[in-house]
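Student: Quick one: the structure is below, questions incoming.
Where a number appears in this text, it was derived from the coordinates with a stated rule and is not lab data. Model, not experiment: these values are computed from the prediction. Here the Cβ is made from the backbone with ideal geometry for all residues, glycine too, and neighbour counts use every protein chain on show.
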Amino acid sequence: MMSAMASASPQAGTEIFERVLAAPSGLVLLDCKNVHALIDQFRALARHTGQAVYLWQPDTGLGSLRDAHVRVPDCQRLGNALRYMRQSMHFGVYFLIGLELPLSAMDATLLRQLARAPKEHLRRVVLIDAPAALVEHLGDLAVHLGSEDSQPRRLRLRDGRWLV
């Protein structure tokens, strides 16, 4: 029996994560076909690299992907989680799943502020499969990415090795 993670390329999560980090905006809109497999890849990446990667869901709130049992206190509601993300001075990638419309005016304002975050603190907020109305509302503030590779694979040299 083949697991969902085994069916996808293990490098796919790494490539998407690198594209998220390279995005020119603090807010990224990610279209995804298999959300759970992608989150599993990000979880494995966070555990392997030790990076601060978080997941917010309406039913569980904000929690670490690296340490599954670690939850950020008082971040169950979207507004509180967005305030936490905005005030954090540390590196962090925050994935948000299950956003429901309508957003409050304060939540929409916080998302716009996160999109314009200062460049000296690397922080990315990633909305996975955001509702179309929210995507339209954010417009050019957010960077749009797909979970599928849209460009042909090129060889690149990293640490003396050629990678696909």
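Student: Using DSSP to call loops (not H, G, I, E or B), can you name the trypsin sites (Lys or Arg not before Pro) in segment 85-129 whose Cβ has at most 15 other Cβ atoms within 10 angstrom? Don't skip to the end; give the middle numbers.
Tutor: Values: sites: R86, R112, R116, K119, R123, R124; in loops: R116, K119.
Qualifying residues, ordered by number: R116, K119.
Student: Something else about it: Mind listing the phi-derived Karplus ³J(HN,Hα) values for segment 43-48, rounded to whole Hz, using 6.51, -1.76 and 1.60 with θ = phi - 60°, and x for any glycine or proline?
Tutor: 4, 5, 5, 5, 5, 6
Student: Net charge around D140, counting only other residues with Cβ within less than 13 Å of its Cβ (Lys, Arg = +1; Asp, Glu = -1)?
Tutor: Numbers: positive: R112, R116; negative: E136.
Around D140, the charge tally is +1.
Student: Assuming a ≥ b ≥ c are the square roots of the Cα gyration tensor eigenvalues, decide whether segment 45-159 counts as rounded (a/c under 1.5), prolate (otherwise, with a/b larger than b/c) or oblate.
Tutor: Oblate is the answer for segment 45-159, as a/c is 1.5 or above yet b/c matches or exceeds a/b.
Student: Follow-up question, since we're still on this one. Just rank I16, I128, fewest to most, by other beta-carbon atoms within 10 angstrom.
Tutor: Numbers: I16 23, I128 20.
Fewest-to-most ranking of I16, I128: I128, I16.
Student: I need the shape label for segment 35-110. Rule: rounded when a/c is under 1.5, else prolate if a/b > b/c, else oblate, with a, b, c from the alpha carbon gyration tensor.
Tutor: On the way: a/c = 2.04, a/b = 1.52, b/c = 1.34.
It comes out prolate by the Cα gyration axes.
Student: A further question follows. Please list, in chain and number order, the residues 5+ apart from V125 or on another chain whose amide H is under 5 Å from its amide H, with Hs placed from the backbone.
Tutor: When sequence neighbours closer than 5 places are left aside, the close amide H contacts are L27, V28, Y94.
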